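Enquirer: One structure follows; several queries about it will come next.
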Amino acid sequence: MASDSSGQRLAALLRTTVAAGRTGDRLPSSRELVAEYRVSPVTVRSAIAQLEREGLVVVKSGAGTFVAPPPRPRHPVDTDWQLVAMGDEPSHLTGFDQVVAGPPPGTIPLASGFLAEDLQATAEIGAALRRAMARPEAWSWVPEGLAPLRDWFAAEIDPRLTAGDVLISSGTQTALSTVFRSICPDGAPVLIESPAYIGATAAARAARLPVIAIPTDRHGIRTDLLAAPLASTGARVIYVQPAHANPHGATLSDERRAELLALARRHGAFVIEDDWARYLSFAATPSPPLITDDEDGHVLHLSSLSKPAAPGLRVGAIVARGPVARRLRRARVVDDFFVTPLLQETALQLVTSPSWPRHLRRLHAELHRRRDHLVALVRDLLGPDVLPYEPTGGMHLWLRLPDGADATEVAEAAARQGVMVNPGRPWFPSEPTGEHLRISFGGAPVEAMTAGVRVLAAALR
Ligand SMILES: Cc1ncc(COP(=O)(O)O)c(C=O)c1O
């Protein structure tokens, strides 16, 4: 008889002994069990290990095996007191649920904010991790981040920058939280493009900052609407995504880039440049980061590898110059000390390997192809007017629904048919300018898109 099944048989017999005993009773020793049940020591060890896993016995090395205390009864726990202790749910958590919840298994993920699995650089990251593990830096104390990785980000973003201008962060989300909490005086308003990335609005609200929504159009943030609130509210922080903004896809025009920076200079304001889609652009001539036009440290540039590589590669950069850099450096340490150097070293090995440009080339071609495919489906099945303009990067289409449609109802109806899309409303920091849906071409396999858009068309009808 294999010792595994004899172990199971002996465990069954010993369960009776344990059930008859009291907490703390000592079981016969291994030698006694071998003799009593005429089994091998291996069988005894396997049976005792089984009972230990079940929580029925406690093995004390050198002392023996004892009957464990009975498990704590699993009665329903009364946690209602917590609702009284916590008070109202903070408003910044409500819309953010959309980002936190992944797609339920088996659904078509047209709501995804990260790349579809087949587009992620997981094989390349695996190889980079193996190289990183051998490096002594992988476990060092690096409050600002690994110097060669900061060097790499600096050279990528603007050749005028040096490693000293760069702080490594755990992606952009945490960078937004750190920046809003550290550079805005208590209660000072921030100007946020609208619609905006939900996580940016949530981070500002979590820092208890009033948010003033500045409308956008196909050319990016409406700079003509910025001067008045800058003057009247004293706001000194403007949040924008100059390239392929999430959710609306627009890229800031050259004219508005210049106007935005002129306004920042005139009012002594910071511009937070969330450059989330830097590596997701398939434009013929991608626009350079806004910070490359900034001389005097107005632009705080945020970028991350979680979008072009994989959501779990939570390594990003904050670029800041002047006194704000020193403040953010200290604030980063208060927040979480620093990003695990093993992950930073992995990121460095990844982006400096020949496989990285290959990955990006494939990614851009694939995003382009998927955008074209989804655009064609949308125009064909939902009508020519729902997509006022096409993004040249990023991973989403921003659909404007016809008058009378309710985007939340459409999204709920689609979800009942297994197609996940984002209703537009939570993406607006204040009143929405219409009914919108955000659908992802980067997060879903091409094969699933036709079925997904057909369901949307039915839901709209
Ligand atoms: C526009 C934008 N900014 C920032 C983030 C945060 O990304 P991460 O923290 O993974 O870098 C996201 C994620 O969805 C985003 O869409």
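Enquirer: Taking region 217-350, how much of its Cα-Cα pair set, in percent, is spaced more than 21 angstrom apart?
Expert: Value for region 217-350: 48 percent of Cα pairs lie more than 21 Å apart.
Enquirer: What does the accessible area per residue of the chain come to in Å², with a 1.4 Å probe and no ligands, DNA or RNA counted?
Expert: For the chain, the solvent-accessible area averages 48 Å² per residue.
Enquirer: Right, something else. What whole-number value in cubic angstrom gives the convex hull volume per residue for the C-alpha atoms of region 122-353?
Expert: 114
Enquirer: Moving to a separate point now. Using alpha carbons only, how many angstrom separate the centre of region 12-55 from the centre of region 191-210?
Expert: 60
Enquirer: Now for a different question. Would you report the distance distribution of C-alpha pairs in the chain as whole percents per 20 angstrom bin, up to the bin with the largest distance?
Expert: Result returned by the calculation: 22, 43, 23, 12, 1.
Enquirer: Restricting to DSSP H runs of at least four residues, report the calculated mean residue ellipticity at 222 nm for the chain, -39500 (n - 2.57) per run over all residues, nearest 500 deg cm²/dmol.
Expert: -13000 deg cm²/dmol
Enquirer: Under a 5 Å amide H to amide H cut-off, with H placed in plane at 1.01 Å, what residues pair with residue 299 once short-range neighbours are removed?
Expert: Residues meeting the amide H criterion: 271.
Enquirer: Round to a whole angstrom and tell me the spacing of the C-alpha centers of region 352-376 and region 147-186.
Expert: What the calculation gives is 26 Å, centre to centre.
Enquirer: Please get the size of the charge dipole for the chain, origin at its Cα centre, with Cβ charges of +1 on Lys and Arg and -1 on Asp and Glu, quoted in debye to the nearest 20. Could the numbers behind the result be given before it?
Expert: Values: 48 positive and 49 negative charges, 311 e Å.
That gives the chain a dipole magnitude of about 1500 debye.
Enquirer: Which helices, taking whole DSSP H runs in the chain, have alpha carbons extending 24 angstrom or more along the helix axis plus mean Kyte-Doolittle at least -0.5?
Expert: Answer set is 3-20.
Enquirer: Next question, about the same structure. Assuming 1.002 mPa s and 20 °C, estimate D for region 75-222 with Stokes-Einstein, Rh taken as the Kirkwood radius over Cα pairs, in µm²/s.
Expert: 109
Enquirer: Give, in whole angstrom and from largest to smallest, the semi-axes √(5λ) of the equivalent ellipsoid of region 3-67, with λ running over the eigenvalues of the Cα gyration tensor.
Expert: 17, 13, 11
Enquirer: Scaled to the compact-protein estimate 2.2 N^0.38 Å, what is the alpha-carbon radius of gyration of region 1-151, rounded to two decimal places?
Expert: Here the answer is 1.81, to two decimals.
Enquirer: Taking loop as defined by DSSP and a crowding limit of 15 other beta carbons within 10 Å, which trypsin sites (Lys or Arg not before Pro) in region 140-247 fit?
Expert: Here the trypsin sites (Lys or Arg not before Pro) that fit, given the DSSP loop and packing criteria, are 160, 208, 218, 222.
Enquirer: Oh, and also: What are the semi-axes of the equivalent ellipsoid for region 58-113, taken as the square roots of 5 times the Cα gyration tensor eigenvalues, largest first, in whole Å?
Expert: Rounded to whole Å, the semi-axes are 42, 24, 12.
Enquirer: Just to be sure I follow: if Rg is taken over the C-alpha atoms of region 118-202 and Rh is the Kirkwood radius over the same atoms, what is Rg/Rh?
Expert: On the Cα set of region 118-202, Rg over Rh gives 1.05.
Enquirer: Then there is this: With the alpha-carbon atoms as the only input, what is the per residue convex hull volume for region 238-314 in Å³?
Expert: 95
Enquirer: How do the peptides 241-247, 325-331 rank, highest first, by the average count of neighbouring beta carbon atoms within 10 Å per residue? Intermediate values should be presented prior to the final figure.
Expert: On the way: 241-247: 27.0, 325-331: 15.9.
The densest-packed peptide leads the list: 241-247, 325-331.
Enquirer: Whenever you get a sec, compute what percent of the accessible area on the chain sits on carbon and sulfur atoms (1.4 Å probe).
Expert: 55
Enquirer: In whole Å, what three semi-axes, largest first, describe the equivalent ellipsoid of region 324-435 built from its Cα gyration tensor (square root of 5 times each eigenvalue)?
Expert: Its equivalent ellipsoid spans semi-axes of 37, 23, 14 Å.
Enquirer: Taking every Cα atom in region 378-461, find the radius of gyration and the maximum pairwise distance Dmax, and write them in Å.
Expert: 12.1, 36
Enquirer: Listed highest first by mean packing, meaning other Cβ atoms within 10 Å per residue, what order do 277-283, 10-16, 107-113 come in?
Expert: Working: 277-283: 20.9, 10-16: 16.3, 107-113: 23.3.
Taking the mean over residues of other Cβ atoms within 10 Å, the ranking is 107-113, 277-283, 10-16.
Enquirer: From Cα coordinates alone, what are the radius of gyration and Dmax values for region 121-171 in angstrom?
Expert: Expressed in Å, the Cα Rg and Dmax of region 121-171 come to 12.5, 33.
Enquirer: From the P(r) of region 344-409, could you give the percentage of C-alpha pairs in the tail past 20 Å?
Expert: Working: 1036 of 2145 pairs.
For region 344-409, the fraction of Cα-Cα distances above 20 Å is 48 percent.
Enquirer: Continuing with the same structure: From the phi of every residue in region 64-76, what ³J(HN,Hα) in whole Hz does the Karplus formula 6.51 cos²θ - 1.76 cosθ + 1.60 yield, where θ is phi - 60° and glycine or proline is x?
Expert: Calculated HN-Hα couplings, in order: x, 10, 10, 5, 7, x, x, x, 5, x, 9, 7, x Hz.
Enquirer: If you split all Cα-Cα distances of region 212-267 into 10 Å bins from zero, what percentages do you get per bin, shortest first?
Expert: Final binned percentages: 24, 57, 19.
The values are calculated or read from the model by the stated rules, or taken from the named source; none is laboratory data. From a predicted model like this one, the values you see are computed outputs, not experimental measurements. Neighbour counts are summed over all protein chains in view; Cβ atoms, including those assigned to glycine, are modelled from backbone coordinates with ideal geometry. Remember, those area values only see protein heavy atoms, side chains included, never the ligands or the DNA or RNA. Shrake-Rupley method; radii C 1.70, N 1.55, O 1.52, S 1.80 Å.
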